[in-house]
1. At Phe171 and Trp134, where each label point lies 7 Å from the Cα along Cα→Cβ, what is the point-to-point distance in nanometres?
2. Based on the Cα coordinates of the range 33-128, what is the per residue volume of their convex hull in Å³?
3. Quick one: grab Rg to one decimal and Dmax as a whole number for the chain, Cα atoms only, in Å.
4. Using only the Cα atoms of the range 172-251, each taken as one equal point scatterer with no solvent, compute I(q) by the Debye sum, divide by I(0), and report log10 of the ratio at q = 0.19, 0.20, 0.26 Å⁻¹.
5. Taking every pair of distinct Cα atoms and averaging 1/r, then inverting, what Kirkwood hydrodynamic radius in Å comes out for the range 179-310?
6. Run lengths n ≥ 4 of DSSP H only: what is the helix-derived mean residue ellipticity at 222 nm for the chain, with -39500 (n - 2.57) per run over all residues, to the nearest 500?
7. Mind giving me the nanometre distance, one decimal, between the label points for Leu60 and Leu290, set 7 Å out from Cα along Cα→Cβ?
8. Counting pairs of Cα atoms in the range 79-148, how many percent are more than 15 Å apart?
Amino acid sequence: MTALASTGATGTDRGSRAKTRGLRSSARALPLLPAAILLAIFLLGPILVSLWGSLTNATLSGSTAVASEFIGFDNYTQLFKAPDFPVSVINTIVFVFFSAVIGQNILGLALALMMRSGNRIVAGVVGTIVVTAWVLPEIVAAFAAYAFFRDNGTLNAILGVFGAEPVSWLFTMPVLMVILANIWRGTAFSMMVYSAALADVPPEITEAAEVDGAGGIKRLFFITIPMIRSTIGTNSMIVTLQTLSVFTLIFVMTGGGPGTASTTLPILAYQQGLKFGELGYGTAIATIMLLIGAIFSFFYVRALREEVSS
């Protein structure tokens, strides 16, 4: 009887402690409730509305603007059959990869390294020039890039001084021009992120490697980069998602043209949803963009978790 009583008492104590821990966890989570509600309203809510809109035949005019009907996955079926869609997907991937993952990351890290080890005056001037492009409103930066690359723009004027014939840059190589413009526009963010990360690298480690005979390239690839790997992953995720949604820069510089040569998914969504009034169809394109962004985020977050666990 005594053993049974002690066992029952032990079970009661365990249940009481578990209940206490549950109450404490709930109390700790309570301050997060307002933030969770706001996220549900302003983040999850629009996503659900967008998903529903992509399954309807909503338009900006006509009877379906007032009373749209559920049409299932017809918008997606029509989208996957459209000749413009694969072109837009390819342009989007090329634009994001070369201007964000490669361009802004590499140039941002190079500028951060130069500002850390170079002359202070030069570093200050370069940093100011680069940051100026970033703090400009996107519409201003877009018109500045357009003025630089247009037929009678700054670039052709400079080349003309050396006797070169003017080139229609925005017509002959529009994707490359918007990639270069986006690199110029967004590199400052990566530069500042990497500058902060490099400041946390212990100088005694690099000094010890230098004493051991390691050159600058070896110190960069075997010491500096491994120590800021998590920062590289985080910055890559941020600039990828930012670049995926770039609209104004491309719209001002090329309008997605000539033809569909520089049309990305944001441009295609605008054209179909707002220009042509097919709101449900345009929302389906935006939903595909959301899915692509979620896939990018999943792999980036997974890579970061693996790095933290290792």
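1. My value for the distance between the label points is 3.6 nm.
2. On the way: hull volume 20.5 nm³, N = 96.
Normalising the Cα hull of the range 33-128 by residue number yields 213 Å³.
3. 26.6, 106
4. Log10 I(q)/I(0), no solvent term: -0.86, -0.90, -1.19.
5. Numbers: mean 1/r = 0.0566 Å⁻¹.
Radius from the Kirkwood sum: 17.7 Å.
6. Working: 18 runs with 220 residues, N = 310.
Counting only the DSSP helices, I get -22000 deg cm²/dmol.
7. Between Leu60 and Leu290, the simple spin-label model gives 2.0 nm.
8. So the portion of pairs separated by more than 15 Å is 70 percent.
The values are calculated or read from the model by the stated rules, or taken from the named source; none is laboratory data. Note that the structure is a prediction, hence the values are computed from the model and not measured. Every residue, glycine among them, receives a Cβ derived from its backbone with ideal geometry; neighbour counts consider all protein chains shown. Remember, those area values only see protein heavy atoms, side chains included, never the ligands or the DNA or RNA. Shrake-Rupley method; radii C 1.70, N 1.55, O 1.52, S 1.80 Å.
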